[in-house]
1. Check whether at least one residue in segment 21-34 is under 14 Å from the mean Cα position of the chain (by Cα), open to solvent by less than 70 Å² (accessible area, probe 1.4 Å) and among the hydroxyl-bearing types (Ser, Thr, Tyr), and report yes or no.
2. Does residue 102 satisfy being open to solvent by 40 Å² or more (accessible area, probe 1.4 Å) and within 27 Å of residue 44 (Cβ to Cβ)?
3. If I go through segment 71-92 residue by residue, how many of them are over 13 Å from residue 38 (Cα atoms) and open to solvent by less than 30 Å² (accessible area, probe 1.4 Å)?
4. List pairs: first residue in segment 55-82 and free of Cβ contacts under 8 Å to residues at least 60 places away in the same chain, second residue assigned to a helix (DSSP H, G or I) and open to solvent by 60 Å² or more (accessible area, probe 1.4 Å) anywhere in the structure, Cβ distance under 6 angstrom, at least six positions apart or on different chains.
5. Being hydroxyl-bearing (Ser, Thr, Tyr) and within 15 Å of the chain's Cα centre (by Cα) is the requirement here; does residue 74 meet it?
Amino acid sequence: MTQATFLPDWMPAAHRAAHGLRATTQGVRGAKHALYVVLLKDTRSAGRWGLYVGETSLDPDVRFDQHKTGYKASRYVNRFGIRLLPQLFQHFNPLRRWEAVELEPVLAEAFRDAGVPWVEGGH
């Protein structure tokens, strides 16, 4: 099994947690912000997978690329970020900034409650 197809066993619970939340400003006029979720893999520790939750006014792909190049980067995404997990955030976007800021920590906590062992971001 390759890394590209592998997903940790807690991923279905994380998916349910993410889809249990809704954004009230999703798609409304002036909604230009996005939540995003990054799959993390700590290569120093076999089997340590996690999630990073962030919010941005940019396209999530652009923001992920910024993290990986070190620009305004989370050290976790810069060092351990594997890829975006759009199935965990697309249903929120786009949304108003105030709601993105409010939902970011709520989503991170929902992942923790769902049993994701390592969650970063969600400030």
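The values are calculated or read from the model by the stated rules, or taken from the named source; none is laboratory data. This structure is a prediction, so every number in the text was calculated from the model and none was measured. Glycine also receives a Cβ, built like all others from the backbone with ideal geometry; neighbour counts cover every protein chain displayed. Heavy atoms of the whole protein, side chains included, go into the accessibility calculation; ligands, DNA and RNA do not. Shrake-Rupley method; radii C 1.70, N 1.55, O 1.52, S 1.80 Å.
1. no
2. So residue 102 does not fit the description; no.
3. Of the residues in segment 71-92, 1 are over 13 Å from residue 38 (Cα atoms) and open to solvent by less than 30 Å² (accessible area, probe 1.4 Å).
4. 67/78; 70/78
5. Criteria met by residue 74.
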